[in-house]
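Enquirer: Pasting a structure here, questions to come.
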Amino acid sequence: MNDKFLIKGLVCQKKLEGTITVGGAKNAVLKIMAGAILFKNTLTIQNMPFVEDVKRMGELLTKLGATVNFSKNEVTINTEKINTQSLDNKIATAMRSSVVLTGPLLARYGKVVFPTPGGCTIGLRPIDLFIKAYEKMGANIEYKDDAYIMTSQKLKGAEIFFDIQTVTGTETIMMAAVLAEGTTILKNCAMEPEIQSLATYLISCGADIQGAGTSTITIQGGGLLESKQPYITISDRIETGSFVILGALLAKKLRIEKCDPSLIESLISLLKESGVNMNIGKDYIEILESKNLKSFNVRTHEYPGIPTDLQPQLVTYLTQSEGEGTVFETIFEGRFKFIDNLKKLGADITVMNSREIIVKGPHLLKSNSELLESYDLRGGFSAVLSGLLAQGESTVHNVYYIDRGYESLETRLCAIGADIKRIQ
Ligand code: EPU
């Protein structure tokens, strides 16, 4: 649980070389795992990243009474024997995506009890939009002893406008609507590819959903779904983007395989303009040695804009590029903690406010056995990247956060020439 990474830096030299393979998207798998509750038969999920958050979601389902069997990068889930609708408090308070279970549970069993979900500390992350949607669908909601207790005879279709585009909100309410009575229209929906992937699969199993991937989704409620073929997880666009940035900074030649470049067009466009030399194929990206990288301004945005989940990696990139770049974090108000690591190593970063920073580069990062902190998953990747860039050795703490979303990161990075050891 308290593992550390010991990293020998590459002193900004382009030494990494080889092939790295992208896994299935964590943020797609977590949702379809919760979606298993909508099914009358066993659901099989393939190309699954075996990361900590996925294991925790498996535990949450098991504690509800579901049968969950993991084998390598596949999981089967049968929810016929679910015998409680109360989420395990300890796991749910440590994982934001636990809230996705509330939609399918409430819609199928008319009840769900759950705590305020926790997760990576990147901002407040309220669940008011979920609550408002459930109220519109006719649920009774009480908050007692630090838990929400929601009940409903049968959820009713409703017209719901999300004040803010919310990824898990869109997915959760879309799934609740699959078993609700009548038509639900969701407006100002998030448009992330994981939502479309989820909807496409649910449709293939009998759901009536139109418009997923656009800002308006219409769902016609019906009965339990039947799985006829496995869900094949789409590739992880955030892992892809993380490796692209790593390659741009530190690789002589890096081939990123089993990815979908069309899902990170915004990043590719930004990095090409900055001077990164790359070849793009249908399912691979090749990064060639790139010199004289130029800075840029970044404003995180809902899909298809620059993902907030790539912001820490891009800030790290800007410490190595020529000029000044302003980074504006529009999605989460607390996502700059990781810059303490970069500053410790000598980066020139000015904090304007909780959402805006200015990064000046390039600066040689130096580590005198510095301790770098993983404050959250993506900030953790940035810490690894910082350690790899630096001159000297550094230790990354709280590797658990990194393990939540990157499977065996150190093994994969060592295979392309990095020097990272896990200390237990
Ligand atoms: N929001 C509210 N009220 C709500 C729901 C959301 O105010 O009821 C706000 C949030 O506080 C935030 C904005 O809406 O300011 C967008 O948040 P969203 O709900 O879209 O985030 P999320 O669904 O909780 C998912 C990913 C995150 C990713 C964000 C944004 C999963 C499990 N998590 O979170 O992934 O950063 O969308 O794209 O899908 C990660 O993988 O490292 C990660 C944090």
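Rule-based calculations on the coordinates, nothing more; no lab input. What you see is a predicted model, and the numbers here were worked out from it, not measured in a lab. Cβ sites come from the backbone with ideal geometry, for glycine too, and all protein chains shown count toward neighbours.
Enquirer: Quick one: which residues, 5+ away or cross-chain, put their amide H under 5 Å from the amide H of residue 419? H built at 1.01 Å from N.
Expert: Close amide H contacts, sequence-distant or interchain: 8.
Enquirer: If the limit is 27 Å between Cα atoms, which of 111/187; 4/26; 26/294 go over it?
Expert: 26/294
Enquirer: What does the charge dipole of the chain about its Cα centre add up to, to the nearest 20 debye, if the Cβ of each Lys and Arg holds +1 and the Cβ of each Asp and Glu holds -1?
Expert: So the dipole magnitude of the chain works out to roughly 440 debye.
Enquirer: Same structure again: In whole Å, what is the distance between the alpha-carbon centres of the stretch 363-404 and the stretch 260-293?
Expert: The stretch 363-404 and the stretch 260-293 have Cα centres separated by 24 Å.
Enquirer: I've got another one for you. Once phi is turned into ³J(HN,Hα) by the Karplus curve 6.51 cos²θ - 1.76 cosθ + 1.60 with θ = phi - 60°, what whole-Hz value does each residue of the stretch 133-146 show in order, with x for glycine and proline?
Expert: Here the 3J(HN,Hα) series is 5, 5, 4, 5, 8, x, 7, 8, 10, 10, 10, 9, 6, 6 Hz.
Enquirer: Right, another one. Report, to the nearest 10°, how far helix 52-64 tilts away from the longest principal axis of the Cα atoms in the chain, using its own Cα long axis and a range of 0 to 90°.
Expert: Computed tilt is about 20 degrees.
Enquirer: Continuing with this model, one more query. If you keep only loop residues by DSSP, which GluC sites (Glu not before Pro) in the stretch 212-273 have at most 13 other Cβ atoms within 10 Å of their Cβ?
Expert: Of the GluC sites (Glu not before Pro), the ones in loops of the stretch 212-273 whose Cβ has at most 13 other Cβ atoms within 10 Å are 226.
Enquirer: Using packing as a proxy for protection, rank 408-417, 345-354 so that the peptide with the highest average count of other Cβ atoms within 10 Å comes first.
Expert: For the peptides 408-417, 345-354, the packing ranking is 408-417, 345-354.
Enquirer: Starting from 0.36 nm per residue, how many nanometres of slack lie between residue 262 and residue 13 once their C-alpha separation is accounted for?
Expert: Between residue 262 and residue 13, full extension yields 86.8 nm more.
Enquirer: So what's Rg/Rh here for the stretch 1-121, counting alpha carbon atoms and using the Kirkwood radius for Rh?
Expert: Expressed as Rg/Rh, it is 1.09.
Enquirer: Quick check: the distance between the Cα centres of the stretch 184-223 and the stretch 137-163, to the nearest angstrom?
Expert: Each part reduced to its Cα centre gives a spacing of 20 Å.
Enquirer: Okay, next question. What does the charge dipole of the stretch 63-115 about its Cα centre add up to, to the nearest 20 debye, if the Cβ of each Lys and Arg holds +1 and the Cβ of each Asp and Glu holds -1?
Expert: 100
Enquirer: Among 396-407, 172-183, what's the highest-first ranking by average C-beta atoms within 10 angstrom per residue?
Expert: Per-residue Cβ counts within 10 Å, averaged per peptide and sorted highest first, yield 172-183, 396-407.
Enquirer: Same structure again: Label the stretch 285-353 by shape, choosing from rounded, prolate and oblate, from the square roots a ≥ b ≥ c of the eigenvalues of the Cα gyration tensor; if a/c is under 1.5 it is rounded, and otherwise prolate applies when a/b is larger than b/c, oblate when it is not.
Expert: It comes out oblate by the Cα gyration axes.
Enquirer: Placing +1 on the Cβ of each Lys and Arg and -1 on the Cβ of each Asp and Glu in the chain, which of 295, 183, 41 has its Cα farthest towards the positive end of the resulting dipole?
Expert: Value computed over the given set: 41.
Enquirer: Another question about this same structure. DSSP loop trypsin sites (Lys or Arg not before Pro) in the stretch 34-90 with at most 10 other Cβ atoms within 10 Å of their Cβ, which ones?
Expert: Sparse-neighbourhood loop trypsin sites (Lys or Arg not before Pro): 72, 81.
Enquirer: Using only the alpha-carbon atoms, how far is helix 377-389 inclined from the longest principal axis of the chain? Give it as 0 to 90 degrees, nearest 10.
Expert: Once rounded, the angle reads 10 degrees.
Enquirer: Can you list the residues, at least 5 places off or on another chain, whose amide H is less than 5 Å from the amide H of residue 222, using H built in the peptide plane?
Expert: Placed amide hydrogens put 179, 180 under 5 Å from residue 222.
Enquirer: Further question: Please state the charge dipole magnitude for the stretch 159-220, taken about the Cα centre, from unit charges on C-beta atoms (+1 on K and R, -1 on D and E), reported in debye and rounded to the nearest 20.
Expert: 80
Enquirer: Round to the nearest 10 and give me the degree value, 0 to 90, for the angle of helix 167-178's Cα axis relative to the longest principal axis of the chain.
Expert: 20
Enquirer: Also, quick follow-up: With a cut-off of at most 15 other beta carbons within 10 Å, and DSSP calling the residue loop, which trypsin sites (Lys or Arg not before Pro) in the stretch 163-238 qualify? Please list them.
Expert: Taking the stretch 163-238 and a limit of 15 other Cβ atoms within 10 Å, the loop trypsin sites (Lys or Arg not before Pro) found are 228.
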